[in-house]
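The values are calculated or read from the model by the stated rules, or taken from the named source; none is laboratory data. It should be emphasised that the depicted structure is a prediction, and the values quoted were computed from it without experimental measurement. For neighbour counting, all protein chains shown are included, and Cβ atoms are generated from backbone atoms with ideal geometry for every residue, glycine included.
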């Protein structure tokens, strides 16, 4: 509260309290990007996440000093962390949009599997790499839009609709592939994961491009604004004239699109696809988004935060791998981190409510 | 112990303030054992707040509440319940999927070693229902299978299960049909005969005359009359006690509207089952039309249906000669309609988002270029509107939740100043708004009308409707019952119209 604000209310008179005004606008201009708004809150949280990342790397360096003394190894390790994060990162971009828009998508892993399997059938492969990419994208977007239609027009709860889709899409993927691993014969597809540009894996570039587009979409376009409005207050969005149903549908379509891209990346990585691939991706993506500060109730979240969440998860996996620890222990730590992240989120919310309350009384 | 006729509850100078509003501003109330004490007052007079103070939802800022001779403050509803004060809200707070008995004993189930004694619970419920004269309600039936009247009985049974000595009933007749009201009254008489005190809130004067013993009138958070006889006080006196004003409504002088005005909105035969029936009205460019009516008269639903937020069963809405598709807000907005809904926070604002983004919520697509938004252009446009509305604080980058109620409302109205709004629908535009911001909002409404924007306004505050509108429509139970120019009506007449009749049509007051 600025000083002039206080005097203005204290006067308690209808309108016309002129001379105070200029001072106030002058003072109020300063927190433009500044400290106290939503932006700064996001910035602080993202800095905290960077801090967590630094701590994780420090733990790695502390536990494996001989590895970390080799600078080539360190560089390669960073690249392998990023490569590990790339596929799930692309899925998380879509997930972030869905959650900010007030929904949830449990079917992402299943969509990745279905799209991957569909793209690697003998029939699809006969059309070459272009046909495979096209198929993966179209299948994934279509499944995403079906989710969207069920949720927005069929009024199904997102949790239920996408849970059902999870089961159904995996089932269809198993049916199509006859539960066999389908080898990709496309040199182009297989070359994506193997390829590097300036020493950095192509998959990392793909993630960078998707995340950048996602950031622009969320922060600089009407689509992003609608997403925040729909997730923040669906009734207000509706009464402001926003077509909430269509937008909700599109959000799931967007999530599907990200899954399609991830399917190609994952197929390329394994030079094959199977119905069981991308297992539990939904959990990783949701966890990454939440750790990144996306509000589960919608209306708030950042792409940068989500990407940091993904990288933190990949770093933990990497940390366990270089120390030769089991995946089981790794999963326990990840679970703990998810709970910690949600607790922090709730705590922050309580603090905000308390603050508001104090201002009221 | 108290005998019949002794004072069980005494409120002295109770004050409760909320940001920008003094909801209770010195309330006196005295309730005696075995009487039906009626609370009368217009919407916003403080009745709901008073109930919440009595039932432990709010704590008074100052003043004393004496219960059975002891000063008390209830820190939560359970404490009030325990002390013997039970409240039956208009929206009954029952758990629909539990049984009658489970609802009656919710939170204080008879238990042995942590296990609910189901049979004892059912038996005791049967007993209480019998005492209420409704032994026919099966205690094991799920509450959602009961009619509204039955649910109300369950609520009362719950109160009795707590050995309540004071029963507060907030518009209990609103959900009931005629013969059910008779039954309700019979139960109330039986309860009072047992020494239980009842605080009865209703807008229907004739009910108060039938069931009430004494009346306390609230207005603008103050007690304006106490200890009136429910049966004998003339209606004119009750109405004048409710309306005699202390808040000054400062209406800016109206620029005379041009005589010839193009018709902007035409609503023809609009109906929605259970909400409103066969409503026809028109609003011309530059005209302010006010709808007066009680909460529940269907006025908000009507506004939302015109706006397309609800889909009409029958009837048409035409804006400037073009029919609007039903149930399509987007089309209404494109046709130049804008609405400031009743519940600002839940229906209009993104509280965590900055002011400018709230202002541009319905125009950011137009301000954007090729789908790319521009924070700078949005801020500039919002700045312009914020200045014209004298928004405080004027920094449009602040989160909207940091604003007072009045300034939040300016943001909602300001949203439509950014677009090409031709017709503005305002639902309770000054609810929870302090006097200063209120006057500014009035000025904005007048200015818009002077610029040729049509305004359709709903307000519970009759003076506001009369002071602002060129033409007044009176709405009761989903129907428009009177249309008149504002000059032809006065506050008492309008209040008479909105309150009269209703259930017991024809009963002389």
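Details
- Leading residue by the ranking (modelled with the highest pLDDT) among those in the range A:44-73 that are surrounded by fewer than 17 Cβ atoms within 10 Å (Cβ to Cβ) and within 26 Å of residue B:397 (Cα to Cα): A:47
- The requirement of being in a helix (DSSP H, G or I), touching a helix residue (DSSP H, G or I) at 6+ places or on another chain (Cβ under 9 Å), modelled with pLDDT under 95 and closer than 30 Å to residue A:291 by Cα is not satisfied by residue A:142.
- Enumeration of residues in the range B:340-349 that are assigned to a loop (DSSP other than H, G, I, E, B) and either more than 7 Å from chain A (Cβ to nearest Cβ) or over 23 Å from the mean Cα position of the chain (by Cα) (or both): B:342, B:343
- Evaluation of residue B:323 against (1) at the interface with chain A (Cβ under 9 Å from one of its Cβ atoms); (2) over 22 Å from residue B:458 (Cα atoms); (3) touching a strand residue (DSSP E or B) at 6+ places or on another chain (Cβ under 9 Å) (one fails), failing number: (1)
- Single residue of B:336, B:298 found to be crowded, with 17+ Cβ neighbours inside 10 Å, at pLDDT below 95, more than 9 Å from every other protein chain (Cβ to nearest Cβ) and within 17 Å of residue B:362 (Cα to Cα): B:336
- Index of the failed condition, residue A:282 passing every other in (1) within 14 Å of chain B (Cβ to nearest Cβ); (2) part of a helix (DSSP H, G or I); (3) modelled with pLDDT under 95: (1)
- Reported count of residues in the range B:107-134, each being over 34 Å from the mean Cα position of the chain (by Cα) and part of a loop (DSSP other than H, G, I, E, B), is 4.
- Top-ranked residue in the range B:487-496 [being at pLDDT below 80 and within 11 Å of residue B:474 (Cα to Cα); ranked as nearest to the chain's Cα centre (by Cα)]: B:495
- Top-ranked residue in the range A:190-225 [being assigned to a helix (DSSP H, G or I) and facing another protein chain (nearest Cβ under 8 Å); ranked as surrounded by the fewest Cβ atoms within 10 Å (Cβ to Cβ)]: A:220
A quick yes/no check of all residues on (1) over 28 Å from residue A:217 (Cβ atoms); (2) surrounded by fewer than 20 Cβ atoms within 10 Å (Cβ to Cβ); (3) touching a helix residue (DSSP H, G or I) at 6+ places or on another chain (Cβ under 8 Å); (4) outside the structural domain of residue B:273 (by TED's automatic domain parsing):
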position	(1), (2), (3), (4)
B:307	yes, no, yes, no
B:315	yes, yes, no, no
B:320	yes, yes, no, no
B:331	no, yes, no, no
B:341	yes, no, yes, no
B:348	no, no, yes, no
B:354	no, no, yes, no
B:366	no, yes, no, no
B:378	no, no, yes, no
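- In the set (1) more than 25 Å from the chain's Cα centre (by Cα); (2) modelled with pLDDT under 90, the condition left unmet by residue B:99 is number (2).
- Scanning the range B:439-456 for residues that are touching a residue at least 60 places away in the same chain (Cβ under 8 Å) and at the interface with chain A (Cβ under 10 Å from one of its Cβ atoms) yields B:439, B:442, B:443.
- Test result for residue A:94, assigned to a helix (DSSP H, G or I) and modelled with pLDDT of 80 or more: yes
- Residue A:256, sole failed condition from (1) assigned to a helix (DSSP H, G or I); (2) farther than 15 Å from residue A:93 by Cα: (2)
- Per-region count, the range A:168-187, residues more than 15 Å from residue A:274 (Cα to Cα) and exposed (fewer than 14 other Cβ atoms within 10 Å of the Cβ): 1
Let's see how each residue does on (1) at pLDDT below 90; (2) facing chain A (nearest Cβ under 9 Å):
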residue: B:351; (1), (2): yes, yes
residue: B:371; (1), (2): yes, yes
residue: B:377; (1), (2): no, no
residue: B:381; (1), (2): no, no
residue: B:384; (1), (2): no, no
residue: B:392; (1), (2): yes, yes
residue: B:400; (1), (2): yes, no
residue: B:414; (1), (2): no, no
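- Total residues in the range A:226-253, condition more than 7 Å from chain B (Cβ to nearest Cβ) and over 19 Å from the mean Cα position of the chain (by Cα): 6
- Leading residue by the ranking (surrounded by the most Cβ atoms within 10 Å (Cβ to Cβ)) among those in the range B:170-190 that are under 25 Å from residue B:49 (Cβ atoms) and in contact with a helix residue (DSSP H, G or I) (Cβ under 8 Å, 6 or more places away or on another chain): B:172
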